[in-house]
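Asks: Submitted below is the structure of interest, expressed as C-alpha cells.
Just so it is clear, none of the values below were taken in a lab; they were calculated from the coordinates. Since this is a predicted model, take the numbers as computed values, not measurements. Backbone-built Cβ (ideal geometry, glycine too); neighbour counts: all protein chains shown.
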Amino acid sequence: MKTSFMQFAIAIVGLLIFSDTIHAAGPDKAALMKRGQVVYTEYCKTCHQANGQGLSTVYPPLAGSDYVKTKGAKVVTDNVVNGLKGPIIVNGKKFNNVMTALPAKYTNADAAAVITFVLNSWGNNGGIVSEADVKKVRKASK
Ligand code: HEC
C-alpha cells in the first residue's frame, strides 16, 4: 500500500514538473477561455445573458462594460468571488441590486477561468486572471 502510494506520488510530481515545462509561459489562456466559457454558460449566463448583454435594469451588461474596463481585473475578481451589492453605474445605466458570491463548488481555478473569459469576450479589453490572483482576493470560506 505504502509503496504504491509513493509510486503514485512520484508520478504526480513528475507530471507537475512536465506540465510546468509546457506552461512555462504562464497560465494557458486557451485553456482558461475554454473552461471559462463552460462556467459562464452554466452559471453567469442566467443573469448576464448569453452574449453578456445583461437584462433590463436588473443585471448589468458585461459586454463592453465600462465598469469592467475602469475597475480592472482585481476589482472584478473581488466582485465575482466575494459578491457585489449596492448602486453601480455600467455604461451610463444605474443598477442597484445584489450579486451573491460565486458558489463554493467553483474552485479558484474555475473563477480564474470565467473571469478571464469575460475579460476577453464581447469587445472587452483583455487580461488574464490566474488561480493565484483569485486566491489572493477570495475571502476565507465560512
Ligand atoms: C443571480 C444573478 C447573477 C449571476 C449568476 C451572476 N451575476 Fe454578476 N451581477 C449580478 C448583479 C445583480 C450585478 C450588479 C450588482 C449591483 O447592482 O451592485 C452584477 C454585477 C457584475 C459585474 C460588475 C458590473 C458589470 O456589469 O460590469 C461583473 C463583472 C459581474 N457581475 C460578473 C459576473 C460573472 C463573471 C458571473 C459568473 C461567474 C456572474 N456575474 C454571475 C447578478 C449576477
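Asks: Sort the following peptides by mean Cβ neighbour count (other Cβ atoms within 10 Å, averaged over residues), highest first: 98-106, 34-42.
Replies: Numbers: 98-106: 12.8, 34-42: 16.7.
So the peptides 98-106, 34-42, ranked by packing, come out 34-42, 98-106.
Asks: Related question: Over all directions, the average projected area of the alpha-carbon convex hull for segment 78-142 comes to how many nm²? Each step should come with its number before you reach the end.
Replies: Numbers: hull surface 19.9 nm².
Mean orientational projected area (segment 78-142, Cα hull): 5.0 nm².
Asks: Check M99: other-chain or 5+ apart residues with amide H under 5 Å from its amide H, H built from backbone geometry?
Replies: Answer set, sorted by chain and number: L84, K85.
Asks: For a quick protection proxy, order the peptides 53-63, 81-91 by their average other-Cβ count within 10 Å, most packed first. Mind dumping the intermediate values first?
Replies: Values: 53-63: 16.3, 81-91: 13.7.
Peptide ranking by packing, descending: 53-63, 81-91.
Asks: How many angstrom separate the Cα center of segment 64-127 from the Cα center of segment 39-56?
Replies: Here the two parts' Cα centres lie 12 Å apart.
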